[in-house]
Amino acid sequence: MENLKAPRCVKPLAMEKIAECRIHYLSDASQAAYGVTAYPRVVDMKGKIQCHLLLAKSRLAPIKSVPIPRLELTVATLSIKLDNMIRRDLELPVGESVFWTDSMTVLKYINNDNKRYQTFVANKVATIRDGSTPSQWSYVDTKSNPADEASRGLSANELLDDHRWLHGPEFLKREEAELPATPALHMKVPDNDSEVKKVQTCLAQMGQVISVIDRLLERGSSWHRLKDVA
C-alpha cells in the first residue's frame with residue numbers, strides 16, 4: 001500500500017481559471033457492502049478537464065439479509081449526505097451535482113410521482129428528493145462504476161492497478177455532451193412491486209332506515225284512519 005499515491009489537489013496549479021466544477025457521485029451495493037465515490041469534474045477556461053477521487057465512503061451490509069434494491073437505495077441516500085458535507089467544506093464554486101447508479105429500480109423509485117411506497121423506501125426516496133431532483137440522477141453500467149470496488153472489495157495489488165478508482169470512469173474525461181445517457185426504459189414502477197403499498201378498497205352499502213311512523217304513514221290514507229290504527 002505504500003506505493004499507492006493519490007492526487008489531493010482538486011484544482012492543479014497548471015490549470016487555468018475554473019469555468020465549471022461539478023461533483024459526480026457513483027454508488028453501488030452488494031450483499032457484502034455498499035459504497036459511494038465522489039469525483040469533482042473541473043473544467044478550466046481552455047476546456048482542460050481534471051477529475052480524480054475526492055472522497056469515498058463504504059459500509060458493511062447488515063447481517064440480516066436485505067434485498068439489493070433496498071441496499072442500492074440506502075447508498076443513494078449516502079450520496080446525498082456526502083454531497084451536503086462536501087458542498088459545506090469545499091471552497092470552490094460547485095455547480096449542480098450529478099448522481100450515478102447502476103440500479104434501474106432505484107431510478108424508477110426516484111422518478112415515481114403517483115405510487116405510495118412501504119415506509120423504508122418512502123423515507124429513503126424522501127431524503128433523496130429533498131437533496132436532489134430526479135433529473136440529477138443517471139444510469140451508469142456496472143463495468144464503468146468505480147463504486148463497484150467499494151461494494152465488493154479489492155486486494156492491495158488490484159487497487160494499485162485500478163485506474164478508475166483514483167481517476168473515475170473514462171466518460172468523465174469527455175465533453176459534457178458525451179456523457180452516457182440513461183437508457184430509454186419504461187420508468188413506471190410496476191403495480192406488483194413488493195415496495196408499493198397495495199391500494200385497499202373498502203365497499204360500504206347504505207341501508208334505508210324506516211321508522212314506525214313512516215310505516216304508519218305508508219298504510220294510512222287519511223288522518224282519521226291513522227288515528228284509528230294507532
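Note down the net charge around Val36, summing +1 for each Lys or Arg and -1 for each Asp or Glu among other residues with Cβ under 13 Å from its Cβ.
Combined, the nearby Lys, Arg, Asp and Glu give -3.
For Kirkwood radius over Cα pairs in Å, several values are listed as (i) 21.8; (ii) 21.1; (iii) 18.1; flag the one computed from this structure.
Here Kirkwood radius over Cα pairs in Å agrees with entry (ii).
Calculated FRET efficiency, Glu2 and Asp162, Cβ-Cβ r, R0 22 Å, to nearest 0.05?
0.85
Expressed as a rounded percentage, what relative contact order does the chain have, with Cα pairs under 8 Å and six or more residues apart? All intermediate terms of the calculation are to be shown ahead of the outcome.
Values: 327 pairs, mean separation 51.1, N = 230.
The normalised contact order for the chain reaches 22 percent.
Between Ser65 and Phe120, what length comes free when the chain is fully extended (0.36 nm per residue of separation minus the Cα-Cα distance, one decimal in nm)? Intermediate results must be reported in sequence, preceding the final value.
Details: separation 55, 0.36 × 55 = 19.80 nm, distance 1.48 nm.
Full extension of this stretch gives 18.3 nm more.
For Ser222 and Leu55, compute 0.36 nm times the residue count separating them, minus their Cα-Cα distance, and round to one decimal in nm.
Details: separation 167, 0.36 × 167 = 60.12 nm, distance 9.26 nm.
Length gained between Ser222 and Leu55: 50.9 nm.
Rounded to the nearest 5, what % of DSSP beta bridges with both residues in the chain are antiparallel?
Of the beta bridges lying entirely in the chain, close to 75 percent run antiparallel.
Grab the DSSP H runs of the chain that are 4 residues or longer, score each as -39,500 (n - 2.57), total them, divide by all residues and round the 222 nm result to the nearest 500 deg cm²/dmol.
-9000 deg cm²/dmol
Could you please report the charge total around Thr182, scoring K, R as +1 and D, E as -1 over all other residues with beta-carbon less than 14 angstrom from its beta-carbon?
-1
For a footprinting-style exposure proxy, rank His163, His24, His52 by other Cβ within 10 Å, fewest first.
His163, His52, His24
Going Cα to Cα from Lys48, which lysines come in below 18 Å? Please leave out same-chain ones fewer than 8 positions away.
Candidates past the 8-residue exclusion: Lys11, Lys17, Lys173.
Each reported figure results from applying straightforward, stated rules to the coordinates on display, with no laboratory input. Note that this is a predicted model, so its numbers are computed, not measured. When we count neighbours, we look across all protein chains shown, and the Cβ atoms used for this are built from the backbone with ideal geometry, even at glycine.
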